1. Compute a Gaussian network model of chain B, connecting alpha carbons closer than 10 Å, and tell me which residue from B:N178, B:N65, B:N98 fluctuates the most.
2. Where in chain B is the longest stretch that carries no chymotrypsin sites (Phe, Trp or Tyr not before Pro) classed as loop by DSSP and with at most 11 other Cβ atoms within 10 Å?
3. Can you list residues from other chains, or at least 5 along the same chain, whose modelled amide H is less than 5 Å from the amide H of A:S66?
4. Multiply the residue gap between B:E261 and B:I181 by 0.36 nm, knock off their C-alpha separation, and tell me the result in nm, one decimal place.
5. What does the charge count near B:P146 come to, summing +1 for each Lys or Arg and -1 for each Asp or Glu among other residues with Cβ under 15 Å from its Cβ?
6. Between helix A:147-159 and chain A, what is the angle of the helix's C-alpha long axis to the longest principal axis, kept within 0 to 90° and rounded to the nearest 10?
7. Roughly how many whole Å is it from the C-alpha centroid of region B:229-252 to that of region A:210-235?
8. Report the extension gain between B:A215 and B:F82 in nm, rounded to one decimal, defined as 0.36 nm multiplied by the number of residues separating them, less their alpha carbon distance.
Amino acid sequence: MQEGTAGTSGAAVIEVEGLSKRYGDFEAVRDLSFRIGAGEVVGFLGPNGAGKTTTMRMLTGFVPPSDGRIRIDGADIFSEGLIARRAIGYLPETPPLYPEMTPTGYIDFVARLKDVPRSRRKGAVERALSRCGLLDVSHREIRQLSKGYRQRVGLAQAIVHEPKVLVLDEPTVGLDPIQIREIRALIGDLAKTGGQTILLSTHILAEVEAICQRAILVHHGRKVLDQPISEMMGGGLSLEDVFARVMTREVDEEIGLDDHGGVGAAGRAGNGGAA
Amino acid sequence: MRHTGTIAARELRSLFISPVAYVVLTLWSVIAGTFFLASLIGFQERLIQLQQYQMLQQIQAMNLNDGLIEPFIGSMWVIILFLLPAVTMGLIASEKANGTDELLLTSPITIWEIVIGKFLAGVGFVFVMSGIVAFFPAILFVYGEPEVGRTISGVVSLMLVSVTYVAVGVFASSVTRNQLIAFILTFVLLLILGMMLPFIVEISMAGSGLGSDSAISQIVNWMSTGNHVERMLKGLIDTADLAYFVIASAVFLVLSKTVIESARWR
């Protein structure tokens with residue numbers, strides 16, 4: 001608690017320090033550090049297999065890190081797990097739905113799990129359903145809903161307790177263009193009206209340009225770029241160009257790096273070069 | 001433990017939406033009816049036989065509890081070994097298969113709340129099953145005079161043993177995401193725990209120089225649910241037997257919690 005609020009950026013809501021995750025010999029995430037302040041909307045970018053999902057699972061306490069520290073709103077995700085987890089709304093890669101339940105029943109169940117007080121529960125459930133455009137289908141079984149609607153139920157589940165931090169793992173993957181636009185609008189709306197800190201992962205660059213203020217780029221489990229979107233595109237380049245550049249540079253470095261064998265150093269160099 | 005009820009209630013509701021619950025309850029009712037009828041007919045036939053041979057002493061010794069209720073509940077205990085795995089297989093395995101474990105484990109709840117919630121849902125279900133079984137001896141009170149205490153003790157022993165088996169089911173369901181594997185594992189564990197332990201002891205003791213009353217064989221026999229159930233069916237509710245059910249349930253629940261916790265660290 002003490003350290004969390006006394007950091008350099010003052011009100012960092014998500015603090016990640018030296019985060020690593022190893023599965024046997026495979027390093028999914030290597031020495032990842034970043035801080036996200038209150039109200040920031042940050043895109044977590046990277047190609048498939050870059051370690052985005054693993055990082056998000058560690059942030060939300062689903063998977064423990066091999067190394068490093070995570071604080072959510074000042075509370076350590078492990079030693080103060082209950083406090084930290086209460087501050088998080090999380091939409092995993094596949095929405096965690098019970099197909100036999102109705103959206104109303106399901107969101108009410110989640111509201112209970114997330115400690116929404118009884119007096120406010122009914123209102124909170126209705127609000128989450130209406131914000132995600134689910135009122136029309138609120139009494140149908142989730143299994144009968146389309147993929148787009150299921151994604152919305154997943155989103156409603158993440159926001160029902162109005163958490164300080166929203167962690168969204170590829171919220172628009174597998175949706176059709178219209179659904180993508182709707183979900184994006186919804187996230188943008190949440191960021192504006194809710195004042196929530198949002199970390200969303202994606203590999204769609206347009207998505208980041210559309211809703212995020214800042215992007216963190218990861219590749220092979222390492223952070224390779226961490227910049228405000230406006231700065232990234234300052235040189236007249238599209239985000240896609242920046243992305244491609246960083247990725248190719250990464251590849252070059254890795255080839256060079258195999259000779260020297262200094263993984264961590266190269267990672268930091270890549271980051272420093274970009275910033 | 002605030003969320004325990006939330007989890008148990010959701011699980012029970014989902015259980016009763018699914019066809020599994022109804023298939024199990026239907027089978028259970030049909031089997032109970034059949035066995036009850038068979039026990040009833042067997043009882044009657046023996047009575048007629050004894051009358052033919054004028055064996056008055058034996059006729060006087062016959063009663064509904066020994067001759068009917070006890071064997072009936074005893075056979076239902078065997079049936080539960082086969083049916084209960086179908087009820088408990090999904091308790092935790094389906095959460096993993098669905099990805100909903102990611103919701104539970106990232107919510108501000110403890111693993112104990114999850115385990116106990118699941119356990120209580122299973123317990124609720126086996127209480128319904130025991131209720132169905134209790135209905136049949138209840139009919140006997142209309143036409144005869146079974147002993148109330150012994151009849152209740154019989155039903156209670158079935159409930160207690162089922163509750164312990166639910167804990168076994170929760171454990172088996174926590175080690176896998178595959179419901180079929182959970183089913184088979186529960187079934188095997190229940191068979192060993194319920195029936196096979198005494199045989200295993202006998203076989204392994206036969207080779208060794210140890211007698212059947214050695215410490216090991218006594219311990220293994222104590223671990224077998226069968227012996228405890230048999231004693232309780234006779235109306236002997238002993239604290240040692242009660243303690244057995246409590247300890248066995250607790251052991252499997254602690255194991256379940258440990259498994260879920262350690263799965264996180266893999």
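1. Per the Cα network of chain B with a 10 Å cutoff, B:N98 tops the list.
2. Working: sites that count: B:Y53, B:W265.
In chain B, the maximal stretch lacking such sites is B:54-264.
3. A:S20, A:K21, A:R22
4. Working: separation 80, 0.36 × 80 = 28.80 nm, distance 2.00 nm.
Stretched fully, the B:E261-B:I181 segment lengthens by 26.8 nm.
5. On the way: positive: B:R150, B:K234; negative: B:D66, B:E70, B:E145, B:E147.
Net charge in that neighbourhood comes out at -2.
6. Approximately 90 degrees, to the nearest 10.
7. 63
8. Working: separation 133, 0.36 × 133 = 47.88 nm, distance 3.10 nm.
Net length gain for the segment: 44.8 nm.
Any read-out appearing in this document is the output of simple, stated calculations on the displayed coordinates, not a laboratory observation. Source: prediction; values computed, not measured. So basically every Cβ, Gly included, is an ideal-geometry build from the backbone, and we count neighbours across all protein chains shown.
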